1. Among the numbered criteria (1) under 18 Å from Leu351 (Cα atoms); (2) open to solvent by less than 10 Å² (accessible area, probe 1.4 Å), which single criterion is violated by Glu316?
2. Right, Thr122: open to solvent by 40 Å² or more (accessible area, probe 1.4 Å), farther than 20 Å from Thr343 by Cβ, modelled with pLDDT of 95 or more and in contact with a His (Cβ under 8 Å, 6 or more places away or on another chain) or not?
3. Just name the residue that is most open to solvent (accessible area, probe 1.4 Å) out of those in region 1-37 that are acidic (Asp, Glu) and modelled with pLDDT of 55 or more.
4. Need the failing condition index for Glu193 against (1) assigned to a helix (DSSP H, G or I); (2) open to solvent by 40 Å² or more (accessible area, probe 1.4 Å), just the number.
5. Please tell me if Leu95 is surrounded by 12 or more Cβ atoms within 10 Å (Cβ to Cβ), part of a loop (DSSP other than H, G, I, E, B) and either at pLDDT below 95 or among the polar types (S, T, N, Q) (or both).
6. Among the listed residues Tyr301, Tyr331, Tyr295, which satisfies the condition of being assigned to a loop (DSSP other than H, G, I, E, B) and either crowded, with 24+ Cβ neighbours inside 10 Å or in contact with a Pro (Cβ under 7 Å, 6 or more places away or on another chain) (or both)?
7. Of the residues Leu83, Leu40, Leu57, Leu79, which single one is at pLDDT below 95 and either in contact with a strand residue (DSSP E or B) (Cβ under 6 Å, 6 or more places away or on another chain) or farther than 21 Å from Glu342 by Cβ (or both)?
8. How many residues are without any contact (Cβ under 8 Å) to a residue 60 or more places away in the chain, among the aromatic types (Phe, Trp, Tyr) and in a loop (DSSP other than H, G, I, E, B) if we restrict to region 112-148?
Amino acid sequence: MFAISILVLLSITAQLKADHGFDVRHHLSTVTTYDAAKDLVKASANSIPDGCTPIHLNLVARHGARSPTIKRMRELDKLASHLEELIKDAEEQKLSLEKVPLWLRGWKSPWRAKLKGGELITKGEEEMYNLGIRIRERFPELFEEEYHPDVYPIKATQVPRASASAVAFGIGFLSEKGTLGPARHRAFAVTSESRASDIILRFHDCCGKYKAFRKSQEPAVDKLKESVLDEITSALTSRYGLNFTRKNVAMLWFLCKQEASVLDITDQACDLFSPSEVALLEWTDDLEMFILKGYGNSINYRMGVPLLADVVQSMEQAIKAKEEKHAPGSYEKARLRFAHAETVVPFTCLLGLFLDDSEFQKIQREESLEPPPKPPQSRNWRGSNVAPFAGNNMLVLHSCPANSASKYFVQVLHNEHPIPMAGCNGSDFCPFEEFKEKIVAPHLKHDYNSVCTVQPEEPEHKPATNPFF
């Protein structure tokens, strides 16, 4: 069995080396920075027909890069103590430390002195600020009017890193549009709903049935990871001569992700792992996201129906304003939302993104999907692409008066790139009525309260099975 595992690791390594080099910053699942994630997607040819103009934009964005939470910071402090004990034990047994990286000896967490965590960091501010500038420049027809909060509403959850992301975006989006200071800033509004009742942007916090489902599945998901962690623990113990535990390796992988994304350090914790081991660890994170936030269970995304309804309603209002020739400045041109991975991932699933036609049909029939395949097999479902820091979906409504079949079309952009919709025959530019009929309507037949209200007599969810190991 161990020999088979080694062969798998060698196969993955060979595949990665053949791919013009390996950059761990592209393989950090949902901890991937936005700049690294954007590099993963090749720009598509423009699919917008001549004569079509954007008339409304919906944005659903995750917050930018953030620091670890205070809970995770304290876990890194414990890791430092465990590493110190491992090196001390090796010295007491007079084992050679030649193979142990110098940085590992006496390592202390860079966050050890911090008393708070989880906040938006400078890199996250820059991600959101630059996103605001790029969106304004890409769609000048939408953003030519003077700012008013009813024309360009900016909404965020009450979690500080999300609201701070909205502020950073707004500073970029409205740069040089005001009179404040040398940079000509201007004030703008960011509104939020109470965390206890925000079913549009923080529906996962309000959905009792989902919380029960997640709690029942988390131990099983941890179990699914064990085989990979044990395999890599054995490899690291042999490679560096230290008696690592499974928990040590899991925390070293977490440290790698934080160092690479937050601190831009890739030659310490990340350097402990081979490219093939990084690929497997990334896959375990993507598998967890699939089961607990994505296509693994319909409740993960069905609880997001209020957000989907809000998006469609905003487009219908824009069409009405266009048809009735409302005066400029009297109607909404963009609805800009800032939230979390727990928002962006379900919304991505509601749109049917990252699916082929057969998978989309399964979703429509309420059938479950196969989990993302284990490396070295390829897969579409990657956290680094689906929901990196500042990851986003934009739905741009276009008016196409010359089209005889449909006057209004929706284009979906994922992380600013056009993305095919399986529900619209693989096109990223879909007639609005077809978008509503094939993609939206099957979800909106589910009511949020019926999806999320826990009934006392309901049986518990069965734990996830292990189809891999």
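1. Every listed condition holds for Glu316 apart from (2).
2. No: the conditions fail for Thr122.
3. Filtering region 1-37 for residues that are acidic (Asp, Glu) and modelled with pLDDT of 55 or more, the one most open to solvent (accessible area, probe 1.4 Å) comes out as Asp35.
4. That leaves (1) as the condition not met.
5. yes
6. Of Tyr301, Tyr331, Tyr295, the one residue that is assigned to a loop (DSSP other than H, G, I, E, B) and either crowded, with 24+ Cβ neighbours inside 10 Å or in contact with a Pro (Cβ under 7 Å, 6 or more places away or on another chain) (or both) is Tyr295.
7. Leu40
8. 1
The values are calculated or read from the model by the stated rules, or taken from the named source; none is laboratory data. Treat the numbers as computed from the prediction; the structure is a model and nothing was measured. A quick note on method: Cβ atoms are made from the backbone with ideal geometry, for glycine too, and the neighbour counts reach across all protein chains shown. Just the protein is used for accessible areas: all its heavy atoms, side chains included, with ligands, DNA and RNA removed. Shrake-Rupley method; radii C 1.70, N 1.55, O 1.52, S 1.80 Å.
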